[in-house]
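Heads up: the structure comes next, in C-alpha cells.
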Amino acid sequence: MSEINGKVVIITGASSGLGKATAHRLAKGGAKLVLAARREDRLVELRDAIKEQGGNAIYQVTDVTDRDQVEALATAAKETYGRIDVLVNNAGLMPLSPLDQLKVDEWEQMIDVNIKGVLYGIASVLPTMREQHVGHIINLSSVAGHKVFPASAVYSATKYAVKALSEGIRQEGGGEIRSTNISPGAIATELTSTISDPETAEGVDEMYEMAIDADAIARAVTYAIEQPADVDVNEIIIRPTKQPL
Ligand SMILES: NC(=O)C1=CN([C@@H]2O[C@H](COP(=O)(O)OP(=O)(O)OC[C@H]3O[C@@H](n4cnc5c(N)ncnc54)[C@H](OP(=O)(O)O)[C@@H]3O)[C@@H](O)[C@H]2O)C=CC1
Ligand SMILES: O=CCS(=O)(=O)O
C-alpha cells in the first residue's frame, strides 16, 4: 500500500498553481484531501474533478489571514475524516517591488499571508498531530528564501521566515512530527500576477519564460509524504535547469 493512500491532507492555496497540481497528484495516490483557498468556484471545480476521477476531497473556503477560518479548516478535516496526517502550508503571494517604492500595504499582505497564514496553519494542526503522535507539516518557502535579489527583500524575508519555521518544527517535532521545507524556483503558476510594479513585472516575466510545470512541485510533495514515518525529508530546492538565480 502506498504511504499516500488514506492519508488526510489539508492543502492551503489549492485553487491554483502548486496547490492544485499537488491536490491532483495526491488524489491519484489515494489521499483524502481538504482543499482550502478563498475562491470557492475554483475549489468546487477542483473537488468535482477529483471526485470524477475516483478521488476523495472536500473543500473549505478559507482566508489564511483569519485565524478562526484556519481553525475551522482543521475542524472540517477532523469532522469529515477523523484525523489530520499532513498540512501543506502553500498559500502565498509575491508582489515583488524595490523597497524605495514603499509599497507598505503589499509588505503587510505578504507578512499576513506568507508568515502569519503559515503560523495559523501550524497552530490549527499541531495539537491534533500531538494527540495522534504523528503528523507532517510541509511548508512552501522559495529559492527567494535562500537568496535575496533586488525587489525581493520583503518576499524573501517572508520565505526565510518560512524556512526558519520549518526548521523549528523539525527540531521540536520530538520524533513525531515530520517537517518538510520546499523551495521552488520559477514555476509556471499565477504567482507573478500580484506584482504591481511594471518594471519588476517585466523582469520577472522575462525570467519566468523558463518556468517549469507545477507538477514538479507536486511530485516533490508526494515524495516527502510517501516516505516511511521514520524518514523525514527536510529540505528540497527545485529550480528549472536553466535558472541561474
Ligand atoms: N510559482 C513559483 O514560481 C513559486 C511559488 N512559490 C510559493 O508557492 C506557493 C503557491 O504559489 P503558486 O501556486 O505558485 O501561486 P498561485 O498564485 O497560483 O497560487 C497561490 C494560492 O494561494 C492562495 N491564496 C492567496 N492568498 C490567500 C489567502 N489570503 N488565503 C487563502 N489562500 C490564499 C490563492 O487562492 P485564492 O486566491 O483563491 O485564495 C492560490 O490558491 C506560494 O507560497 C509561493 O510563494 C515559491 C517559489 C516559486
Ligand atoms: O518564489 C519565487 C521563486 S524565485 O523567483 O525566487 O526563483
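The values are calculated or read from the model by the stated rules, or taken from the named source; none is laboratory data. No experiment lies behind these values; they were computed from the predicted model shown. Glycine also receives a Cβ, built like all others from the backbone with ideal geometry; neighbour counts cover every protein chain displayed.
Structure notes:
- Residue in the range 180-194 that is in a loop (DSSP other than H, G, I, E, B), away from ligand 1 (no atom under 12 Å from the Cβ), touching a Leu at 6+ places or on another chain (Cβ under 9 Å) and closer than 18 Å to Leu96 by Cβ present: no
- A Cβ distance below 7 Å, combined with a sequence gap of six or more or placement on separate chains, defines the contacts here; from the range 189-216, residues that are surrounded by 15 or more Cβ atoms within 10 Å (Cβ to Cβ) reach residues that are of a type in the set (Phe, Trp, Tyr) and not in a loop (DSSP other than H, G, I, E, B) in the pairs Thr192/Tyr208.
- Among the residues making up the range 144-171, those that are more than 20 Å from Glu106 (Cα to Cα) and either modelled with pLDDT under 95 or in contact with a strand residue (DSSP E or B) (Cβ under 9 Å, 6 or more places away or on another chain) (or both) are His146, Lys163, Leu165, Ser166, Glu167, Gly168, Ile169, Arg170, Gln171.
- Of the strands (runs of 3 or more DSSP E) lying entirely inside the range 41-151, those containing at least 1 residues that are in contact (Cβ under 8 Å) with a residue 40 or more places away in the chain, surrounded by 22 or more Cβ atoms within 10 Å (Cβ to Cβ) and among the small types (Gly, Ala, Ser) are 135-140.
- Hey, Ile169 crowded, with 18+ Cβ neighbours inside 10 Å, more than 13 Å from ligand 1 (Cβ to nearest atom) and part of a helix (DSSP H, G or I) or not: yes
- For the range 1-40, residues that are part of a loop (DSSP other than H, G, I, E, B) and away from ligand 2 (no atom under 16 Å from the Cβ) total 14.
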